[in-house]
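**Student:** Let me begin by handing over the structure; questions about it come next.
The values are calculated or read from the model by the stated rules, or taken from the named source; none is laboratory data. All values reported here derive from a predicted model rather than from experimental measurement. Counting neighbours? That spans all protein chains shown, and the Cβs are built from the backbone with ideal geometry, glycine included.
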Amino acid sequence: MSAPVRSERDKSPPATPNIQENTSAKAFGIAVNIAKDCECSTDESLWAIEELLKIEAICLADRKTEINQAYCGIGTGPKLDEVGSHDLRRQKTPLQWAATLGDFEYYPRFMSSENVNRARLSILINAGANLNQRDENGNTPLINATYIGRSPSSVNTLIRAGANLNLRDKHGHSALMIGAEWGNELCSIALIRAGADLNLQNKDGESALIHTARHNKIKIFEELVRGGADLDLQEKDGKSALMFAVIYTNIDIFKTLGKSGADLDLQDKDGESALMFAAKTDRRTDICKALIRAGANLNLTNKNGHTALNQAKGNPCNVMVP
């Protein structure tokens, strides 16, 4: 799975809106209110307004919005949910584009890219942008924001606005699975605490917990365990989080799974158990001994009729408990 690709052009500073010359008194007044609502400066919120006016995602209207007094005067633009056809938005709606940006942009020294983007997202949401619209990869704005991971405020903004936490991309990944795999701690923890489904599985049967066990993302893993994630889900080949922790020798995750009650005797499609994986190499001697002490079944056999002891030949210390 790959994150959204950023071209060299994407990394260049955004075109500067001509704030002094082009902004009406109405836009300035709106920017002052939005700045208070989003905890950013007036210049930052004004920049966001100018950008969104330029791409016709919003318009300046006389009517008041129903959601928040700060956004009075912001109306729905003709291209609010239209997929962009130019390089800047890379076939995304304005909200998808804003969620993807995170804090990658470069602004004048007195501006924070995170603040500008938080204002941009809030303006679009209050103008009525579709929170759950998918791009060509099936990614929602929330999934895009979690991919980037460097701007948890974008994830939090979308969560507070009511984005669906459990929609999945074309590969079956939810925002939480992506955050877990990529190690985006703040985004993942925000999703867990907001009530995201901890046990969704992608097309390969992998859950968020399996991702953390494989990639050794200990902080996200611990939050998932505290949140009640199923410790014994198995991916398409039958491997559980415990098996991956053993295979990749992720000791802290292995210990936590053992203490938390993970099933020690699950077997994958080939009949291999966590103890069998541990017994195959002397690099996992301590894990092997710990599994035996915890009561792992030494007599299980795989599809070839081999036990952990059979597989430990050449490494007899693996199945000896002092």
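**Student:** Among the residues of region 204-237, what is the count of those that are surrounded by fewer than 19 Cβ atoms within 10 Å (Cβ to Cβ) and either closer than 13 Å to residue 178 by Cα or of a type in the set (Gly, Ala, Ser) (or both)?
**Tutor:** Of the residues in that region, 4 qualify.
**Student:** Further, regarding this structure: What number of residues in region 128-160 are more than 19 Å from residue 194 (Cα to Cα) and in contact with a Leu (Cβ under 6 Å, 6 or more places away or on another chain)?
**Tutor:** 1
**Student:** Same structure again: Which one of these is in contact with a Phe, Trp or Tyr (Cβ under 9 Å, 6 or more places away or on another chain) and surrounded by fewer than 20 Cβ atoms within 10 Å (Cβ to Cβ): 252, 270?
**Tutor:** Details: 270 fails: in contact with a Phe, Trp or Tyr (Cβ under 9 Å, 6 or more places away or on another chain).
Result: 252 is the single residue among 252, 270 that is in contact with a Phe, Trp or Tyr (Cβ under 9 Å, 6 or more places away or on another chain) and surrounded by fewer than 20 Cβ atoms within 10 Å (Cβ to Cβ).
**Student:** Right, here's the next one. Looking at region 141-156, can you tell me whether even one residue there is more than 19 Å from residue 208 (Cα to Cα), out of contact with any strand residue (DSSP E or B) (no Cβ under 6 Å at 6 or more places or on another chain) and hydrophobic (A, V, I, L, M, F, W, C)?
**Tutor:** no
**Student:** Would you confirm whether or not region 181-197 contains a residue that is out of contact with any strand residue (DSSP E or B) (no Cβ under 8 Å at 6 or more places or on another chain), outside any loop (DSSP other than H, G, I, E, B), more than 30 Å from residue 37 (Cα to Cα) and not β-branched (Val, Ile, Thr)? Spell out the reasoning first.
**Tutor:** If we filter region 181-197 for residues that are out of contact with any strand residue (DSSP E or B) (no Cβ under 8 Å at 6 or more places or on another chain), which is where we start, we get 181-195.
Now restrict to residues that are outside any loop (DSSP other than H, G, I, E, B): 181-182, 185-193.
Checking the rest, the ones that are also more than 30 Å from residue 37 (Cα to Cα) come to 181-182.
Still in the list and also not β-branched (Val, Ile, Thr): 181-182.
Yes, region 181-197 has at least one match.
So that you can scan it fast, the table gives a plain yes or no per residue for (1) at pLDDT 95 or above; (2) on the phi > 0 side of the Ramachandran plot; (3) surrounded by 24 or more Cβ atoms within 10 Å (Cβ to Cβ):
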site: 162; (1), (2), (3): yes, yes, no
site: 167; (1), (2), (3): yes, no, no
site: 172; (1), (2), (3): yes, yes, no
site: 191; (1), (2), (3): yes, no, yes
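**Student:** Okay, next question. May I ask you to list the residues in region 175-204 that are within 9 Å of residue 146 (Cβ to Cβ), touching a Leu at 6+ places or on another chain (Cβ under 8 Å) and of a type outside the set (A, V, I, L, M, F, W, C)?
**Tutor:** 179, 188
**Student:** While we're on this one: Just to be sure I understand the filter: pairs with C-beta atoms under 8 Å, separated by 6 or more residues or on different chains, first member in region 257-268 and within 17 Å of residue 237 (Cα to Cα), second member hydroxyl-bearing (Ser, Thr, Tyr) and loosely packed, with under 15 Cβ neighbours inside 10 Å. Which pairs pass?
**Tutor:** none
**Student:** Considering only region 120-137, state which residues are in a helix (DSSP H, G or I) and either on the phi > 0 side of the Ramachandran plot or polar (S, T, N, Q) (or both). Spell out the reasoning first.
**Tutor:** Filtering region 120-137 down to residues in a helix (DSSP H, G or I) leaves 120-126.
Once the filter is applied, which keeps residues that are in a helix (DSSP H, G or I) and either on the phi > 0 side of the Ramachandran plot or polar (S, T, N, Q) (or both), region 120-137 yields 122, 126.
**Student:** Restricting attention to region 138-165, which residues are within 9 Å of the chain's Cα centre (by Cα), not hydrophobic (A, V, I, L, M, F, W, C) and not in a loop (DSSP other than H, G, I, E, B)?
**Tutor:** Across region 138-165, the qualifying residues are 144, 146, 147.
**Student:** Shifting gears a bit: Quick one: which residue in 207, 153 is in contact (Cβ under 8 Å) with a residue 12 or more places away in the chain and in contact with a Lys or Arg (Cβ under 8 Å, 6 or more places away or on another chain)?
**Tutor:** On the way: 207 fails: in contact with a Lys or Arg (Cβ under 8 Å, 6 or more places away or on another chain).
Checking each option against the conditions leaves just 153.
**Student:** Looking only at residues in region 127-139 that are in contact (Cβ under 8 Å) with a residue 40 or more places away in the chain and within 27 Å of residue 235 (Cβ to Cβ), which one is surrounded by the most Cβ atoms within 10 Å (Cβ to Cβ)? Show your work before the answer.
**Tutor:** Taking region 127-139 as the starting set, the residues that turn out to be in contact (Cβ under 8 Å) with a residue 40 or more places away in the chain are 127-130, 133, 135-136, 139.
Among the residues that remain, those that are also within 27 Å of residue 235 (Cβ to Cβ) are: 135-136, 139.
Numbers: 135: 22, 136: 10, 139: 26.
Among them, the one singled out is 139.
**Student:** Something else about it: Please report, ordered by residue number, the helices (runs of 4 or more DSSP H) entirely within region 1-119 with at least 1 residues that are surrounded by fewer than 19 Cβ atoms within 10 Å (Cβ to Cβ), modelled with pLDDT of 90 or more and not aliphatic (A, V, I, L, M).
**Tutor:** Numbers: elements: 8-11, 19-22, 25-38, 42-54, 94-101.
In region 1-119, the matching helices (runs of 4 or more DSSP H) lie at 25-38, 42-54.
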